[in-house]
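Note sheet for the following structure.
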Amino acid sequence: MPIRPTIATVDLDAIRHNLGVIRQLAPGSPICAVVKANAYGHGLCEVALALADAGVDWLAVALVEEGARLRAAGIHIPVLLLGTGYTGSTRGIVQYNLTPAIYRVDQLESLAQVASSRLVRFHLKIDTGMSRLGLQPEELGAFLDSLNNHPNLRLDGVMTHFANADIGDAELTQTQLDRFNDCTAFIASRGIEPPWVHTSNSAAVLSFPNTRQGLLRTGLSIYGIDPRLERAVAGLRPAMQWTTRVMHLKNIAANTPVSYGGRWTAPRPSRIATLPVGYADGYMRTMGNRAYVLVRGQRAPIVGSVCMDLCLADVTDIPNVAIDDEVVILGKQGDDEVSVYRLAEWAGTIPYEIVCAVGNRVPREHYGSVTRA
C-alpha cells in the first residue's frame, strides 16, 4: 500500500472499450496491441492481461525483457518484438518464444544459429520512408536469397511503419504504402506469402482507411488517446487518471519569490499549496508557470519551478482548500478536466511522452473487469 498519495489509476474497462472502438473502424481485422514502455505508462502486465482476455491477436513490445515479463505473467498469445537488433538479444527471443521484427541479413544468421533445429518465425520490417529501422526495398532480393539458406527460419509477417500519419500527411503515407505493396508483391513473386502483413499504427487506422489491411498495430489509441493533431475520433476513453493530495499550505506576502530561482513572485498576498509530485515522477519541469491542476473542481496554477519531488500550486482563489484535498494532475474532477493534450501543450511535447514519462515510483492502481476466457 503506497504511503505517498501520488498515484496513477488505470481503467481497464476503458482500455477494453477503446479496443472495441478500433474494431468498429475495421471489422474483422486482427489486432496487435502495442504494450511497450510499460504499456505506455499504464502497467505492462495488467494491461496485457486485459487485452489478451479481450481477444487481441497479438501483443507488441520493444524489449526482450518486456516479452519475458509477459510470458512470466502467463500470456501465451504471439508477442511481436519490435526492438530487435541488440547484440545478444537472440537467445532471449528463442527462450521466450518471441517473434522478432528483423531487417538485416546478419540477424537471420544469428537467429538461425541460436535456434539450431527449432523452427523460429519472424516478421520482416521494411523501411518505406521512416529512415529508422528496416530493410531498404533494394536489399530485399539479397535478404530473401539469404533466407533460403536457413530452413529453420520462417518469414511469418511483413511490416512497415508510417512516419507522418499522425500529422495527416496523406501524400507520404500513400507513398510508403505503395512502396510496401511493391515489396510484398516481390516477396509473393518469390513464392512466399506471409500470413501477417501490417502497416497501420494508431494514427493510420484512425485517418487512412486504405491502410487498414492485415494486422492493425495499435498503440496510443488503445489507451484512449488520439495521436493526431485534430483529436477527432469520438468514443475513445482515456484510461489513466493521475492524482495527488495537498501536502502543505502556506500564506505568503505579496512580492514573495517561490521555488528555485524565484521564477514566480506572488503578485498579491497568496495561499500556496505544496504538492508531492515533481519531475522525478514525470511531471516535467517545464510545467512551472504554465500548467494548472484541479483542486475542489477549480483550476490552480502551478507556480515557480517544479522540483524533483514537489511542486507548488496557487490556491488563493479557491475557498477552503485543506491538507489532503485531492489534486488532479491528469484527468477529470467535477466538470473540468486536465487532458493529456493540454499537458503535452504545456510541456512542448506529444501525448505519448506525457503518459510514458509517469515514473516508476508513481504506483499504478488498476480497476475494471478482467474476465478470463
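The values are calculated or read from the model by the stated rules, or taken from the named source; none is laboratory data. All values reported here derive from a predicted model rather than from experimental measurement. Positions of Cβ are generated from backbone atoms using ideal geometry, with glycine treated the same way; all protein chains shown enter the neighbour counts.
Couple of notes before you dig in:
- One residue stands out among those in segment 310-334 that are surrounded by fewer than 16 Cβ atoms within 10 Å (Cβ to Cβ) and under 29 Å from the mean Cα position of the chain (by Cα): the one that is nearest to PRO257 (Cα to Cα), which is GLU326.
- If you go through segment 86-131 and keep only what is surrounded by fewer than 17 Cβ atoms within 10 Å (Cβ to Cβ), under 25 Å from THR211 (Cα atoms) and in contact with a His (Cβ under 9 Å, 6 or more places away or on another chain), you end up with just MET130.
- Within segment 201-225, the set of residues being more than 15 Å from the chain's Cα centre (by Cα) and assigned to a loop (DSSP other than H, G, I, E, B) comprises PHE208, ARG212, GLN213, LEU215.
- Scanning segment 143-180 for residues that are among the aliphatic types (A, V, I, L, M) and either surrounded by 14 or more Cβ atoms within 10 Å (Cβ to Cβ) or touching a helix residue (DSSP H, G or I) at 6+ places or on another chain (Cβ under 7 Å) (or both) yields LEU144, LEU147, LEU153, LEU155, VAL158, MET159, ALA163, ALA165, ILE167, LEU172, LEU177.
- Flag if VAL56 is outside the structural domain of CYS356 (by TED's automatic domain parsing) and assigned to a loop (DSSP other than H, G, I, E, B): yes
- Members of segment 1-40 that are surrounded by fewer than 24 Cβ atoms within 10 Å (Cβ to Cβ), touching a Pro at 6+ places or on another chain (Cβ under 6 Å) and part of a loop (DSSP other than H, G, I, E, B): PRO2, ARG4
- Some residue of segment 323-340 being farther than 30 Å from ALA52 by Cα, assigned to a strand (DSSP E or B), among the small types (Gly, Ala, Ser) and in contact with a strand residue (DSSP E or B) (Cβ under 7 Å, 6 or more places away or on another chain): no
- Any hit, segment 256-276, residues being within 21 Å of VAL358 (Cα to Cα), part of a loop (DSSP other than H, G, I, E, B) and within 26 Å of the chain's Cα centre (by Cα): yes
- Residues of segment 147-173 satisfying the condition of being more than 19 Å from THR99 (Cβ to Cβ) and either part of a helix (DSSP H, G or I) or touching a strand residue (DSSP E or B) at 6+ places or on another chain (Cβ under 9 Å) (or both): ALA165, ASP166, ILE167, ALA170, GLU171, LEU172, THR173
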